[in-house]
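First comes the structure, then the notes that go with it.
What follows is calculated from the coordinates using simple rules that are stated; it is not laboratory data. Keep in mind the model is a prediction, meaning the values are calculated, not measured. Note that we place each Cβ from the backbone using ideal geometry, even for glycine, and neighbour counts take in every protein chain shown.
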Amino acid sequence: MAASRPAKTRSSSAFAPRRISFGRITEHLEVPNLLAIQTESFDWLVGNESWQTRTSSESHARSGLAEILEEISPIEDFSGTMSLSFSDPRFDEVKASIEECKEKDLTYCAPLFVTAEFTNNSTGEIKSQTVFMGDFPMMTPKGTFIINGTERIVVSQLVRSPGVYFTKEPDKTSDRDLTSVKV
């Protein structure tokens, strides 16, 4: 019977081949913040504090929700005697923490309130009231959403390529078909 001996281990660095760099850049490049596009876009949409501090120098800066509400307002009836306009979107605190939403299968959201103005154009009477519009899903600091306890992401599609198009047309001068490919 052969006796087994423990295998001799050599340090991998002593026998590893030396790496030679042919690159011209000697310093390491910083890793960009790949989530910045999505988090900053969501900050603009809801108009939260981090977006407000970034745009504090701009006097005309409006959040995305404020722009959307301004775009659809006023909503008028068919005769033009009544109109409804929305403005001043604001959020209350989130209902539950991120951990609690994951544990209890909840959605990480905050209630959205807007100011609704109902105007009677024939009399000039205006009634204004704060209205609950619904629960708005909020983005976590990691750039994800928690919907029914499940963490979800939004895949950004900045430039979408159309793909490959194949066409087949009969040639007018001969009896053959002409095929083409467009990328």
Order of V94, V164, V154 under a 10 Å beta carbon neighbour criterion, fewest first: V164, V154, V94
Separation in nanometres of the label points that stand 7 Å from Cα toward Cβ, at S87 and I72: 1.8
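Can you tell me the dipole magnitude for the chain around its Cα centre, using point charges on the Cβ only (Lys, Arg +1; Asp, Glu -1), in Debye to the nearest 20?
I would put it at about 2000 debye.
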